[in-house]
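Derivation of every value follows stated rules applied to the coordinates shown; laboratory data play no part. What you see is a predicted model, and the numbers here were worked out from it, not measured in a lab. No Cβ is skipped: glycine too gets one built from the backbone with ideal geometry, and neighbour counts run over all protein chains shown.
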Amino acid sequence: MTSLDESQAIAVRRKPLSVALVGRLVDLARADWDTDTVSRFLDECGRRTGLVPGARLTDTGHPLKSLDPDLAAAEHPGFLLEFAYHHPDADDEYSEDLLGAQFPWPDWAATPAGEAGASAFAAAWADAEAMLAATLGAPEVRFTHDTGPDGWSFAAWRVADRALVLAQGEEFGTYGELEMAAVWLVPHRASTPFPGAADFYDWLVSSSTDRPADDA
């Protein structure tokens with residue numbers, strides 16, 4: 001883990017996925033998403049935490065969120081597990097340490113500003129892809145969406161009528177000032193093709209009620 005002094009802004013925080021955690025995510029993708037089943041699953045794999053609103057911190061130290069934390073519907077619409085964060089402007093001499101302040105987690109590896117944060121963020125995604133591919137095989141789709149100076153990478157696998165998606169994108173709690181890498185679990189019928197690169201991110205972040213009827 002990189003040693004930081006108090007004057008350094010953090011460009012990347014990351015915590016690699018584990019084989020056991022990947023197995024649990026696959027199990028969750030295959031499970032029913034009703035309240036009781038999900039509650040039992042979360043009790044088995046994590047504990048409540050105040051670090052990230054609406055999330056459970058798993059026993060591996062990753063925040064796992066329902067895409068509907070208030071559960072307005074009868075079933076959860078999907079899940080999100082974050083494992084890396086990137087502050088693209090950390091190298092700016094006038095930039096505050098937004099990432100260090102937002103996620104002050106000492107057990108997550110840190111890359112300080114000035115040490116190729118974009119490369120470290122890309123490497124965190126690539127390591128996660130290799131971990132998922134070792135369990136699920138090669139992804140059905142894999143591409144980079146030309147968003148921002150470095151683009152965001154995506155890979156997706158089918159698990160029954162669900163999609164397990166590895167994605168880079170905006171970190172919603174900071175309204176896009178930070179980027180995150182995460183594993184998403186979302187509904188997606190086995191017979192329905194994945195969208196192309198230009199539409200993939202919008203499809204991913206849309207709520208389940210906004211998905212096309214054949215994906216409902």
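Applying 1/(1 + (r/R0)^6) with R0 = 35 Å to the Cβ-Cβ distance of residue 126 and residue 31 gives a FRET efficiency near 0.80. Suppose R0 equals 35 Å. What FRET efficiency, 1/(1 + (r/R0)^6) with r the Cβ-Cβ distance, do residue 138 and residue 44 give to the nearest 0.05? Using R0 = 35 Å, I get an efficiency of 0.75. For region 114-166, the percent of C-alpha pairs falling in each 10 Å distance bin, counted from 0 to the bin holding the largest distance, reads 23, 49, 24, 4, 0.
Between residue 191 and residue 101, the FRET efficiency from the beta-carbon distance, with R0 = 30 Å, is close to 0.10. In sequence order, region 29-37 has phi-based couplings of 4, 8, 7, 5, 10, 6, 4, 5, 5 Hz under the Karplus curve 6.51 cos²θ - 1.76 cosθ + 1.60, θ = phi - 60°, and Gly or Pro positions carry x. Applying a DSSP loop filter and a limit of 16 other Cβ atoms within 10 Å to the chymotrypsin sites (Phe, Trp or Tyr not before Pro) in region 168-202 leaves 175.
Averaging the sequence gap over all C-alpha pairs within less than 8 Å and six or more residues apart, then dividing by the number of residues, gives region 94-196 a relative contact order of 18 percent.
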